[in-house]
Amino acid sequence: MAVQDFLHDASRWMREDGPHSDIVISTRIRIARNLSDLPFPILMNDSQAEEITRRVADAVFSPEFQEKSGGSYEIIPLMNVPHVDRQALVEKYLISSSLVEHARRSAVALRDDEAVSIMINEEDHLRLQVLMPGLQLGAAWELATTIDDLLEAKLNYAFDEKYGYLTACPTNVGTGIRASVMLHLPALVVTQQINRVLSALGQVGLVVRGVHGEGTDAVGNLFQLSNQITLGQSEEEIIQSLESVARKIIEHEQQARQFLMEENREVIEDRIARSFGILAYARRLDSRESMQRLSDVRLGIDLGVIKGVSQNILKELMVMTQPAFMQKYSGTELAPGERDWRRADLVRERLRMDQGHI
Amino acid sequence: MLCQECNQRDATVHFTKIINQEKTEYHLCDACARDTGDFMMKGNAGGFSFHNLLSGLLGFEQTGMPGFGAPGQQGQASAPVRCETCGLGYQQFVQVGRFGCADCYKHFSGKLEPMLRRIHGGATTHTGKFPRRTGGVIKLRQQLARLRQDMQEKISLEQFEEAAVIRDRIREMEGQIEQGGM
Ligand SMILES: [Zn+2]
Ligand SMILES: [Zn+2]
């Protein structure tokens, strides 16, 4: 597979920009729902799993859903998907690895632009996901709740007057919502302010973790900020508090970037230029180094140090340098040692597509 | 960094286990981390498990920590230990950290509140969205309960005119609920 082909099939969240795209990579909302009259996935048998898929398919292919859900949908039983493609769906953030684990009886309903995916028979009967580029919590929730309503018109949800939407795990009960934003915070990491900024979050019921790696050791300086509490707050309250914290972090990151350019310009330019050079010419890259260098290059683009390279390169390569995509790119299964050589090929090929210069 | 378990996928989960001051570092891929969790869940001792993390959270109340105790000591012994609908035992639930069906919430309700309070920062009641089609009546009933409270308050303050206005609204809503077929 050539990089061109991949980009042709890329999801909307990877292809497009969104508000605050310089710092916010993507916005994701997931809501958990169950049907009231069937056991939850840990206790259901295969025919009950099929029954759930059938009912969801009926709802998704109903005329009202087709008309109002903003695109055309396909229902894909995971059984019919080759292993490497299942993993590729995980790497594009369209399904969870837990859905893949239950591939024998799980399925996904995917909108054609891949902005909406409805996972069937994951930990809950339904996990509805909306994924958008940039900071778009309000829009993502609007879409998620619209699709939820369209499904609920045909399906009887497990709902309790006191506890709200009933979920397999008590950590999701109530709204069943998990809203998150992926943030690229290189300047806060370089200036060593990241701990101070992030440690202030715990008190408001939000959690932050490294997307690859943990804590401040987040590889590629990518952080995922999400709500922890699903009960006792409305969806709007949850989203508003996430949004306001995200905006504060964005502000801190912007100040840190400005500080770098004013006080440490040569040092940061040197770092960016070195990483650009390595990605453009290296023959071997491990995943950690490629993510760190990509983060530098992306910062270089945002600061105007690197010109002519698409901002999207970080999201694209973040997904494309994962194991399943590497395998698709190479057309063959790769031993761990081989992967680092092919990763460097892939990154070089992508960089050559743009006329980048410093 | 490669996953130390399969040596194939990149390690994306990093954690440190500390038992008896002995530190062990883990660097696993998502798949192996999940496998490790599932494996441990099936009762192999000594390991780390994401499920056990949750179980720890759930089991907290059982140890009788002050402030999180079940309502009344004697209530603990007589609390239902099994969901009548799906058959899941409460102990199973604590181990797995997952309910078996929607009715588990009813059958384990005695144990639920302290657990939810612990997970959700003190909250035990949903205040968000209601299902559109089936939830309308539920919403009305909640509003009704609130109105009845307001009415009692007005009466106790001897504000009878305001109380009468609320009473009329209550009657109106009761009518709506009956039409809703509940
Ligand atoms: Zn592994
Ligand atoms: Zn049950």
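The values are calculated or read from the model by the stated rules, or taken from the named source; none is laboratory data. Quick caveat: nothing in here was measured; it's all calculated off a predicted structure. Note that each Cβ is placed from the backbone with ideal geometry, even for glycine, and that neighbours are counted across all protein chains shown. The area values use the complete protein model at the heavy-atom level, side chains included, leaving out ligands, DNA and RNA. Shrake-Rupley method; radii C 1.70, N 1.55, O 1.52, S 1.80 Å.
Listed values, structure above:
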{"item": "Conditions (1) modelled with pLDDT under 95; (2) open to solvent by less than 30 Å² (accessible area, probe 1.4 Å): number failed by A:GLY70", "result": "(2)"}
{"item": "Contacts under 9 angstrom Cβ, first residue in segment B:94-109 being touching a residue at least 12 places away in the same chain (Cβ under 8 Å) and on the phi > 0 side of the Ramachandran plot, partner within 16 Å of ligand 1 (Cβ to nearest atom) and not polar (S, T, N, Q), 6 or more apart", "result": "B:GLY97/B:PHE50"}
{"item": "Test: residue in segment A:32-53 that is touching a Cys at 6+ places or on another chain (Cβ under 7 Å), more than 16 Å from ligand 1 (Cβ to nearest atom) and without any contact (Cβ under 8 Å) to a residue 12 or more places away in the chain", "result": "yes"}
{"item": "Leading residue by the ranking (farthest from A:ASN34 (Cα to Cα)) among those in segment B:128-144 that are open to solvent by less than 60 Å² (accessible area, probe 1.4 Å) and without any contact (Cβ under 8 Å) to a residue 24 or more places away in the chain", "result": "B:GLN142"}
{"item": "Residue satisfying all of: in segment A:279-291; open to solvent by less than 60 Å² (accessible area, probe 1.4 Å) and farther than 15 Å from B:ALA11 by Cα; nearest to the other protein chains (Cβ to nearest Cβ) among these", "result": "A:LEU285"}
{"item": "So A:LEU231, is it modelled with pLDDT of 95 or more and facing chain B (nearest Cβ under 8 Å)", "result": "yes"}
{"item": "Selection from segment A:24-45 of residues that are among the hydrophobic types (A, V, I, L, M, F, W, C), surrounded by fewer than 24 Cβ atoms within 10 Å (Cβ to Cβ) and out of contact with any Lys or Arg (no Cβ under 6 Å at 6 or more places or on another chain)", "result": "A:LEU35, A:LEU38, A:LEU43, A:MET44"}
{"item": "Residue within segment A:124-147 that is among the charged types (D, E, K, R) and crowded, with 24+ Cβ neighbours inside 10 Å present", "result": "yes"}
{"item": "Test set (1) in contact (Cβ under 8 Å) with a residue 60 or more places away in the chain; (2) within 13 Å of chain B (Cβ to nearest Cβ); (3) not in a helix (DSSP H, G or I) - A:GLY70 fails condition number", "result": "(2)"}
{"item": "Where A:SER96 falls short, out of the listed (1) under 20 Å from the mean Cα position of the chain (by Cα); (2) more than 14 Å from chain B (Cβ to nearest Cβ); (3) without any contact (Cβ under 8 Å) to a residue 40 or more places away in the chain", "result": "(2)"}
{"item": "Which listed residue, of A:VAL81, A:VAL56, A:VAL116, is surrounded by 22 or more Cβ atoms within 10 Å (Cβ to Cβ), more than 13 Å from chain B (Cβ to nearest Cβ) and more than 23 Å from A:ILE25 (Cβ to Cβ)", "result": "A:VAL56"}
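Conditions (1) open to solvent by less than 60 Å² (accessible area, probe 1.4 Å); (2) not in a helix (DSSP H, G or I), marked per residue:
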site	(1), (2)
A:LEU231	yes, yes
A:GLU237	no, no
A:VAL245	yes, no
A:ILE250	yes, no
A:GLU253	yes, no
A:ALA256	yes, no
A:GLU262	no, no
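Per-residue answers, yes or no, for (1) in contact (Cβ under 8 Å) with a residue 60 or more places away in the chain; (2) within 30 Å of A:GLN255 (Cβ to Cβ); (3) open to solvent by 40 Å² or more (accessible area, probe 1.4 Å):
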| site | (1), (2), (3) |
| --- | --- |
| A:ASP296 | yes, yes, no |
| A:ILE301 | no, yes, no |
| A:GLN311 | yes, yes, yes |
| A:LEU314 | yes, yes, no |
| A:LEU317 | no, yes, no |
| A:PHE325 | yes, no, no |
| A:GLY331 | yes, no, yes |
| A:ALA335 | no, no, yes |
| A:GLU338 | no, no, yes |
